[in-house]
Amino acid sequence: MTSAFTLRLGRRSDIRDIAVMSRCLIEVGLRGWSWHPTRVARALNGRDCSVVVADVGQRLAGFAIAEFGDSSAHLSLLAVQPAQQRRGIGVAMIDWLIESALTAGITQIKVEMRANNFAARSFYEALGFSHNGEVRGYYQNIETAVRMQRTIGRVTAVEK
Ligand SMILES: CC(C)(COP(=O)(O)OP(=O)(O)OC[C@H]1O[C@@H](n2cnc3c(N)ncnc32)[C@H](O)[C@@H]1OP(=O)(O)O)[C@@H](O)C(=O)NCCC(=O)NCCS
């Protein structure tokens, strides 16, 4: 039986786990450590950043970081532990961030991912994101990034 997951805002005690997950699940194969603990801490403290995490029991199962601008939000980072993938945790975290973005008056969500990350591309397509170009050399002047975006808005009741 799989255990339920819960969502909450990220806190200081999550910094190391988030940074390690980023290194192992997102930055794997790239040189260095881009989202090292200091950078994660900056995001956690940043007024324009939102960090949501998912717990399964006492363990961190996933996290997502978004940066909010005036009219668009940028999804900076998202990962779910391999053993917890395909349980809807990724969707739940993005839904949380979209709800926050809507409250902030944001209408566009943007994201980049490594072009060879077909799981992430399928994930964002399943969430209604559409392809919005590619940037060669985006990752360390070597790897291409795929850009995707989605327009968001609240569904309003239609007058009868
Ligand atoms: C991308 C990622 C966050 C998805 O998280 P998740 O919790 O497994 O996703 P969900 O369970 O919410 O999936 C929702 C839908 O997305 C699609 N999807 C998710 N993972 C997929 C995969 N590996 N292959 C194809 N489609 C996938 C499916 O349509 C899925 O619905 P379904 O399971 O009912 O078929 C996860 O695979 C991950 O952490 N990958 C490594 C890190 C990464 O690549 N991050 C993104 C780039 S920053």
For this session: Determine which member of the set 42, 59, 86 is open to solvent by 50 Å² or more (accessible area, probe 1.4 Å), on the phi > 0 side of the Ramachandran plot and not small (Gly, Ala, Ser).
Result: 86
Exercise. Just one of the numbered conditions (1) more than 16 Å from the chain's Cα centre (by Cα); (2) surrounded by 12 or more Cβ atoms within 10 Å (Cβ to Cβ) is not true of residue 101; which one?
Worked result: (1)
For this session: Would you check which residues across region 125-146 are farther than 18 Å from residue 34 by Cβ and open to solvent by 60 Å² or more (accessible area, probe 1.4 Å) and list them?
Result: 125, 126, 130, 131, 132, 134, 136
For this session: Report the residue count in region 44-72 for those that are more than 20 Å from residue 128 (Cβ to Cβ), away from the ligand (no atom under 15 Å from the Cβ) and aromatic (Phe, Trp, Tyr).
Result: 0
For this session: Restricting attention to region 113-124, report how many residues are buried (at least 20 other Cβ atoms within 10 Å of the Cβ) and either assigned to a loop (DSSP other than H, G, I, E, B) or more than 6 Å from the ligand (Cβ to nearest atom) (or both).
Result: 1
Exercise. Inside region 1-104, counting only strands (runs of 3 or more DSSP E) that do not spill past its ends, which hold 1 or more residues that are over 23 Å from residue 127 (Cα atoms)?
Worked result: 59-68
Exercise. Here are 9, 75, 30: which of them is within 16 Å of the ligand (Cβ to nearest atom) and open to solvent by 20 Å² or more (accessible area, probe 1.4 Å)?
Worked result: 30
For this session: Could you grab the pairs with beta carbons closer than 8 Å, sequence gap of 6+ or different chains, first residue in region 82-110 and within 16 Å of the ligand (Cβ to nearest atom) and at pLDDT below 95, second one part of a helix (DSSP H, G or I) and open to solvent by less than 60 Å² (accessible area, probe 1.4 Å)?
Result: none
Exercise. For residue 157, which of the numbered conditions (1) over 20 Å from residue 68 (Cα atoms); (2) within 15 Å of the ligand (Cβ to nearest atom) fails to hold?
Worked result: (2)
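The values are calculated or read from the model by the stated rules, or taken from the named source; none is laboratory data. Computed from a prediction, not measured in an experiment: that's the story for all the values here. A quick note on method: Cβ atoms are made from the backbone with ideal geometry, for glycine too, and the neighbour counts reach across all protein chains shown. Quick note on the areas: whole protein, heavy atoms, side chains included, nothing else; ligands and nucleic acids left out. Shrake-Rupley method; radii C 1.70, N 1.55, O 1.52, S 1.80 Å.
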